[in-house]
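The values are calculated or read from the model by the stated rules, or taken from the named source; none is laboratory data. Computed from a prediction, not measured in an experiment: that's the story for all the values here. Methodologically, a virtual Cβ is constructed for each residue, glycine included, from the backbone with ideal geometry; neighbour enumeration extends over all protein chains shown. The area values use the complete protein model at the heavy-atom level, side chains included, leaving out ligands, DNA and RNA. Shrake-Rupley method; radii C 1.70, N 1.55, O 1.52, S 1.80 Å.
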Amino acid sequence: AGAITMLSACASDVRPLADSSASGEASTSASPSASAGGSSEKSYLGPVKFDNYEKKGEYVPADETHKAQNVPKPLPPANMHENSIDGAYSAFSFWLASVNYLVLTGDDEPLKQADPSGRDVKSFHDYVTFYESNEGWFYGSEHALQAEMMTPQPEKVSGSDSLYYWRITLSKDSKAMMHVEGKGNRPMYQNTSMEPELSALKLSYQDGKWFTYPTKIRGQGTASPSTKASDDANSKTA
């Protein structure tokens, strides 16, 4: 019962909370061999996309009677370690895909590759033990956590070649459900706002890898349509 309570609390806020002053955070200095020259000027505005999966067997989605089977496993994109905007986007999209895969499977192997700090692996460990102990599973959505880039490109921190902030929204899928053996089914997200949450994605490059830190913007908890329209207009005039 204690594990189920902990998991429900974790599910209510599936994204890990980052703190810019947290100890152990990655250094913002780039490795000597890194180069930012590989960045493209393409626009990443819109929902985060990821399409690099390993597929084995026929995928059978989970429902209220059984776990998902043969869930496609996200694989690291070839450019996710590049010190470029393209690399940063690939690293974050892989992180997001790894989180959603973990929710459906209890397998944190991809997240361990997407999270070089190990912080998020620890934050989501309750999902691993939930599946390992056969207490239940999640179903109803393949993307329990969703993200959207609110600007075409991130903003580089002045004086740094390896630190960026990217305005995003994080959203929870209301269709996501949780089955607990002996206790039935319930919404994955309970007692929490389902409004898209305006966040700042901190991207820090160190030792040839990207460290991603989605953080809530204080005082701007949700992204309304008017907010997004304003951001879109600003990005066109920037």
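Restricting to the range 54-102, give me the number of residues that are within 26 Å of residue 131 (Cα to Cα) and part of a loop (DSSP other than H, G, I, E, B).
Of the residues in the range 54-102, 16 are within 26 Å of residue 131 (Cα to Cα) and part of a loop (DSSP other than H, G, I, E, B).
Residue by residue, here is whether (1) open to solvent by 50 Å² or more (accessible area, probe 1.4 Å); (2) polar (S, T, N, Q); (3) touching a Phe, Trp or Tyr at 6+ places or on another chain (Cβ under 9 Å); (4) within 13 Å of residue 214 (Cβ to Cβ) holds:
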| residue | (1), (2), (3), (4) |
| --- | --- |
| 143 | yes, no, no, no |
| 151 | no, yes, yes, no |
| 167 | yes, no, no, yes |
| 178 | no, no, yes, no |
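Among the numbered criteria (1) of a type outside the set (Phe, Trp, Tyr); (2) assigned to a strand (DSSP E or B); (3) surrounded by fewer than 20 Cβ atoms within 10 Å (Cβ to Cβ), which one does residue 134 miss?
(2)
Residue 38 is checked against (1) modelled with pLDDT under 95; (2) over 25 Å from residue 209 (Cβ atoms) and fails just one. What number does that condition carry?
(2) is the only condition that residue 38 fails.
Does residue 223 fit the bill of being at pLDDT below 75 and open to solvent by less than 20 Å² (accessible area, probe 1.4 Å)?
yes
Mind listing whichever residues of the range 185-208 are open to solvent by less than 50 Å² (accessible area, probe 1.4 Å) and either among the charged types (D, E, K, R) or part of a strand (DSSP E or B) (or both)?
Within the range 185-208, 197, 198, 199, 200, 201, 202, 203, 204, 205, 206 meet the criteria.
What do you reckon, is residue 162 of a type in the set (Gly, Ala, Ser), under 19 Å from residue 200 (Cα atoms) and crowded, with 16+ Cβ neighbours inside 10 Å?
It is true that residue 162 is of a type in the set (Gly, Ala, Ser), under 19 Å from residue 200 (Cα atoms) and crowded, with 16+ Cβ neighbours inside 10 Å.
For the range 131-178, how many residues meet the condition of being within 17 Å of the chain's Cα centre (by Cα) and aliphatic (A, V, I, L, M)?
Number of matching residues: 8.
Can you tell which of 235, 174 is at pLDDT below 95 and assigned to a helix (DSSP H, G or I)? Write out each step before concluding.
On the way: 174 fails: assigned to a helix (DSSP H, G or I).
It is 235.
When the residues of the range 110-126 are filtered to those that are among the charged types (D, E, K, R) and in a helix (DSSP H, G or I), which remaining residue is most open to solvent (accessible area, probe 1.4 Å)? Before you say what the answer is, go through the steps one by one.
Keep residues of the range 110-126 that are among the charged types (D, E, K, R), which gives 112, 115, 119-120, 122, 126.
Narrowing further to those that are in a helix (DSSP H, G or I): 112, 119-120, 122, 126.
Details: 112: 120, 119: 64, 120: 1, 122: 165, 126: 43 Å².
Going through the qualifying residues, I end up with 122.
So which of 51, 19 ends up being of a type in the set (Asp, Glu), part of a loop (DSSP other than H, G, I, E, B) and modelled with pLDDT under 95? Write out each step before concluding.
Values: 51 fails: modelled with pLDDT under 95.
When all the criteria are applied, what remains is 19.
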